Structures are given as structure tokens and as C-alpha cells.
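Please treat every number below as a calculation from the coordinates, not as lab data. The structure displayed is predicted, hence computed values, not measured ones. Here Cβ is always computed from backbone atoms with ideal geometry, including for glycine, and neighbour counts include all displayed protein chains.
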Ligand SMILES: C[S@@+](CC[C@H](N)C(=O)[O-])C[C@H]1O[C@@H](n2cnc3c(N)ncnc32)[C@H](O)[C@@H]1O
């Protein structure tokens, strides 16, 4: 089985895993964007009672919040350390999430069509072959189901904001968190979706204002963006 994973990327997340739920740590941006993306997913697909798979779940920030919104959530990741932190945090939060060590491709081979909603957030820019991950997402979601992606655009502004700005100037993220060559243009992600049999329902931008330190959703897809895709019924 092709794991479609970069061991150096997994190592980076494993080394930081113990700080995943520290809202002032390297994971602060994920904590700050979580309410925005959770609300967007819920508005578009209605989380309550749905079977959800969260791919590249890490320490479980999004997984837990979707469980709290009433979904039955499974989270998968290839970092054992991140999964360990995610499992431990359930004792603190009292939420119920089922965590597994698996890649999207491996999980798709066993659980095709089992999910109403598949989420794959801030993960595609860390894998060698994002088209393969997108194809696995399309296989995992049921006909008529929803897939949500978020990732980083590839252009000069994205390099300035997501690499130079976030890692070197504002120091929101550790240096080396992001590799510019792995950034993905919305047109490329849309093509991967269509090739996998997913229709694009929405492309949405997410911006960060360094002046107010506030994230917001809107039309600006130049740096961070989200895609809502649907599998034909
Ligand atoms: C930036 S974190 C995002 C975590 C979570 N999705 C969120 O947005 O809160 C990226 C996660 O992707 C995981 N990851 C990287 N490559 C992966 C792969 N090939 N398969 C599964 N998970 C992977 C990492 O271990 C890490 O937990």
C-alpha cells in the first residue's frame, strides 16, 4: 500500500504533539480558526447525527468540536504521538471520538462510502501526492455526501504571508512548518476533486489580519482557502 506520507512531516507534528491543546503554542492558529471552519461545515452539511471522518486529525481540535456538535466522528492520522494526545484529551473534554492510525488511502480500502462528511483540513500541503488523498476522500464519502478541504495557495503573496510572515516575522508557526512547493492552487485542488468525481460547491478564502490578529472567512483566496465539494448522489 502506498502510504502517501512524508516521514519528515509526520516527525514535525510528533515533536510538537504535547503542545497540541495549548492555545498559546504553535497550534494557536488552529485553535483560532477552528470556530470559523466548524461553523462553515455545520452550516453546509449539518453535523448533528452525521458519520464524519476527519483525515489528518492531529491532536483532535476539529474532531472534538464536530463531536460536540453532535456528529459521530472518526479521526485518522499517521502521527502516533498526535493520536496519543488526541485520545488523552478525550478524558479531559468528555467527548467521544474514535481515533485510528491510518492514511486516507488505507482507510478508503476498508471503509468506502461509509461517511456522510469527510474533512481534510490543513493536511494536503503536508503530503507528497495530494491528488491521491483527494481520491481517497471521494471514495470514503457516500454518494450525495460532503467533503471539506482547507489548504494554502501557491503564489508570491502566499509565500510572503504563510512562510515569511507567519514563520519568520510574526512567528505564529515554527520555521519549516510549511514547504512552499507543496502549496496547492485552488484550480489544482478543484481539478483533483473533479478527477475524483467530486463537484465543487464552494471556494472560500480565509484571511488573517496582522493588525487585529483576527481570522475571517471571505472572498480572498490568495493565501488560505477552503473548498466544499460534493459527491454526486
Ligand atoms: C497542520 S496539522 C492539521 C491537524 C488538523 N487537521 C487540524 O486542522 O486541526 C496536519 C496533520 O496532518 C497529519 N498528516 C501529515 N501527513 C499525513 C498523512 N499522509 N496521512 C495522515 N495524516 C497526515 C499530521 O500528522 C498532522 O497531524
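Here are the numbers:
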quantity	calculated
Relative contact order of region 1-129, pairs being alpha-carbon contacts under 8 Å that are 6 or more residues apart, as %	32 percent
Choice from 130, 35, 186 showing the highest fluctuation, given a GNM over the chain with Cα pairs closer than 10 Å	35
Linear extension gain, residue 200 paired with residue 80, 0.36 nm per residue minus alpha-carbon span	40.0 nm
Euclidean distance between Cα centres, region 185-233 to region 33-105, Å	20 Å
Computed E for residue 95/residue 168 - FRET, C-beta separation, R0 41 angstrom, nearest 0.05	0.70
Most mobile of 33, 169, 117 in a GNM of the chain (Cα contacts under 10 Å)	169
Ascending count of other beta-carbon atoms within 10 Å, so fewest first, for 66, 121	121, 66
Spin-label pair residue 142/residue 3, simplified geometry with 7 Å Cα→Cβ offset, distance in nm	3.3 nm
Using a Förster distance of 41 Å, the FRET efficiency for residue 48-residue 175 (Cβ separation, nearest 0.05)	0.50
Listed residues 90, 211, 124, most fluctuating in the chain (Gaussian network, C-alpha, under 10 Å)	211
Diffusion constant of the chain at 10 °C, which comes from Stokes-Einstein with the Kirkwood Cα-pair radius and 1.306 mPa s, µm²/s	91 µm²/s
Label-point separation, residue 156 to residue 112 (7 Å along Cα→Cβ), nm	4.6 nm
Region 34-86: relative contact order as a whole-number percent, Cα under 8 Å and 6+ apart	37 percent
Proxy reagent accessibility, fewest Cβ within 10 Å first, across 73, 127	127, 73
Sorted by Cβ neighbour density within 10 Å, fewest at the top, the residues 137, 120	120, 137
Cα principal axis extents for region 146-200, largest first, Å	40, 21, 14
